[in-house]
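Enquirer: Once you've had a glance at the structure underneath, I'll fire off some questions.
The values are calculated or read from the model by the stated rules, or taken from the named source; none is laboratory data. These numbers were taken from a predicted model, which means no experiment stands behind them. Here the Cβ positions follow ideal geometry from the backbone for every residue, glycine too, while neighbour counts run over all protein chains shown. Surface areas here come from the heavy atoms of the whole protein model, side chains and all, with no ligands, DNA or RNA. Shrake-Rupley method; radii C 1.70, N 1.55, O 1.52, S 1.80 Å.
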Amino acid sequence: MEVVHIVGGGSANPLLCQLTADACGLPVIAGPSKPRRWVTCLFRHALMASFSGDLASVRSLLRETHPTITYRPEHP
C-alpha cells in the first residue's frame, strides 16, 4: 500500500486522519465527507465505471469535484 483513503464522516476529523497517518506511516487522503449514503453511491458509481475501463477519467472527475486533504506521517 502507498496511501490510505478515509471517506465519509471520519474524513472530517483531522485528529483521526493524522493519527492514522502516524500509525500506518503512510499518507492519508481524507475526503469527501458527505453523508454516508452519498459517499457510498459515489464510490459505487466509480467502481462500476472502473469495470468499463474508464478508471482514469473517474479518478480525475473525483479529484476535480471533491476536494481532499492529505495528511502525512509526522512521527516515524
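Enquirer: Add +1 for every Lys or Arg and -1 for every Asp or Glu among the other residues with Cβ under 15 Å from the Cβ of residue 24, and state the total.
Expert: Computed value for this residue: -2.
Enquirer: Something else now. Could you calculate the contour length gain from residue 2 to residue 56, that is, 0.36 nm times the residue separation minus the distance between their Cα atoms, to one decimal place in nm?
Expert: 17.7 nm
Enquirer: Also, I was wondering about something else. Please report the accessible area of residue 65 (heavy atoms, 1.4 Å probe, ligands and nucleic acids excluded) in Å², nearest 10.
Expert: It works out to around 70 Å².
Enquirer: May I pose another question? Residue by residue, what Karplus-based ³J(HN,Hα) values in Hz, rounded to whole numbers, does segment 16-23 have, using 6.51, -1.76 and 1.60 with θ = phi - 60° and x for Gly and Pro?
Expert: 4, 5, 5, 5, 5, 4, 5, 5
Enquirer: 7 Å from Cα along Cα→Cβ at both residue 46 and residue 19: what's the point-to-point distance in nm?
Expert: The answer from the label model is 2.4 nm.
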